[in-house]
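Inspection log for the structure reproduced underneath, given as structure tokens.
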Amino acid sequence: MTSKTTSLNNEFSQLVADVKACRKCDRMCDSERVLGPASGSLRAKVVFIGEAPGRLGADESQIPFHGDKSGHNFESLIQQVGLSRYELFVTNAVLCNPRDSNGNNATPTATEIKNCSHFLKRQIELIDPPLVVTLGRIALNACSLIEQHDLELRTGVRTANSWLGRSLVPAYHPGQRAMLHRSFANQLSDYQFIKEQVARNGVKRKKGSGSVASRGTKELIDTITSQKSDLSYFALHKLFFMIEARALDELGARLSDSYIIRQKDGPYCVELHPQKILALNLNLSMYTRGGVLHIKRMASTSLFDEPDNISKSPFDTPALELISAVISKYGSLSDTELKRAAYCTKAMRSVLRKEKTSGLNLFNAPLLVPAIYD
Ligand code: SF4
């Protein structure tokens, strides 16, 4: 690790600690703060700013824009234009979840946005991205507190504007309410524009380090569940991770672009949220047995069940053999045994070592970063 990276990590840890200690907003004094390793890469060339963590989303998952409808929409938009969370930093105008007296999500007040604006400024200064994308009116206005601008969402959407020595692109919030004003299809065009701006602003992915399959997540879930038709949700995450870890080791590249992070009980694949799995239309259902969430394949039809299946698979023969080898070695283990096996992988051992030597908690830190983003 270079001294520049070490100092960046130290600065970020200090920022996270300052945010944790903050008690500026009365109604959010005791809330979770959504800022940490899951926010994204400190070397990101683009920072996305939303409004506030959602009650059912980031406030629960601790991953900005993940776990609720807004999160699913955001993840779908970036995925469809080929942006990976590994290359982004995602944050909010306020870092705690504002709620009304009934416990529902509320819009942050002007004072709360102002209170948190110095943290937003510190994040932007620390990451220093050439491009900032605001998601919704609140985020756009919050940026004006850092450096004044006259942009309005309705007229400024999908335009690149000079701001704070970088480019600012206003976009709509990916929540369902905002979709009434700007449809998903229109937002998809906005993200295409953002992707072009990212490329224009000099994101240089490493060459010769393998490509990332843009649709590999769905196909990998399909392949796992066609070989193991009934498994716990926990086991799916761990098998998915073990396959990816082994692919990186033995084939030199990941099989999917799924964003994998270290959570309390081991590796967690962000794209494998239950609602997102069901939305993949893979004939999978979910049920609970003994309080444990399970996934069951309802029919034997796999994406690749037709006679010319191999030609449709994004995985070549070595990849398919590797998947089968991992499932046959670990597929019958209990969840406890699987967890232990996942902790014995190189990637998890490296995180555990870092936690021990630094004394830091690396929950939500990205795992198996594809070389092109490293
Ligand atoms: S929203 Fe920001 S300013 Fe307000 S308490 Fe949370 S961290 Fe502090």
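The values are calculated or read from the model by the stated rules, or taken from the named source; none is laboratory data. What you are looking at is a predicted structure, and each value in this text was computed from that prediction instead of being measured. All Cβ positions, even for glycine, are placed from backbone atoms using ideal geometry, and neighbour counts span all protein chains on display.
Close contacts from region 115-132, counting a first residue that is aromatic (F, W, Y) and a second that is within 16 Å of the ligand (Cβ to nearest atom) and not in a helix (DSSP H, G or I), with Cβ to Cβ under 9 Å and a gap of 6+ residues or different chains, come to F119/C22; F119/L35; F119/T91; F119/V94; F119/L95. Of the strands (runs of 3 or more DSSP E) entirely within region 104-210, those holding at least 2 residues that are crowded, with 18+ Cβ neighbours inside 10 Å occupy 131-135, 166-171. Checking region 3-13 against the condition returns no match, with no residue being within 16 Å of the ligand (Cβ to nearest atom), of a type in the set (D, E) and part of a helix (DSSP H, G or I). Checking R33 against (1) part of a loop (DSSP other than H, G, I, E, B); (2) under 14 Å from the mean Cα position of the chain (by Cα): exactly one of these is not met. Which one? The single condition R33 does not satisfy is (2). Of the residues making up region 144-154, at least one is more than 26 Å from F363 (Cα to Cα), more than 16 Å from the ligand (Cβ to nearest atom), aliphatic (A, V, I, L, M) and touching a Cys at 6+ places or on another chain (Cβ under 9 Å). Among the numbered conditions (1) within 16 Å of the ligand (Cβ to nearest atom); (2) within 22 Å of the chain's Cα centre (by Cα); (3) not small (G, A, S), the only one that I127 does not meet is (1).
Yes or no: region 14-23 includes at least one residue that is loosely packed, with under 15 Cβ neighbours inside 10 Å, among the hydrophobic types (A, V, I, L, M, F, W, C) and not in a strand (DSSP E or B).
Looking through region 14-23, at least one residue is loosely packed, with under 15 Cβ neighbours inside 10 Å, among the hydrophobic types (A, V, I, L, M, F, W, C) and not in a strand (DSSP E or B).
Residue count for region 69-113 under the criterion of being of a type in the set (S, T, Y) and within 16 Å of the ligand (Cβ to nearest atom): the result is 4.
If the condition is being in contact with a strand residue (DSSP E or B) (Cβ under 8 Å, 6 or more places away or on another chain) and within 16 Å of the ligand (Cβ to nearest atom), then region 39-67 contributes S39, I49, G50, E51, A52, P53, G54, R55, A58, P64. Quick one: would you say L320 is in the same structural domain as Y233 (by TED's automatic domain parsing), surrounded by 13 or more Cβ atoms within 10 Å (Cβ to Cβ) and modelled with pLDDT of 90 or more? So L320 fits the description; yes. Of the residues making up region 329-374, those that are of a type outside the set (D, E, K, R), part of a helix (DSSP H, G or I) and over 17 Å from F234 (Cα atoms) number 9. Among the residues of region 51-93, write down those that are part of a helix (DSSP H, G or I), farther than 15 Å from V133 by Cβ and not acidic (D, E). Within region 51-93, A58, S61, K69, G71, H72, S76, Q79, Q80, Y86 qualify.
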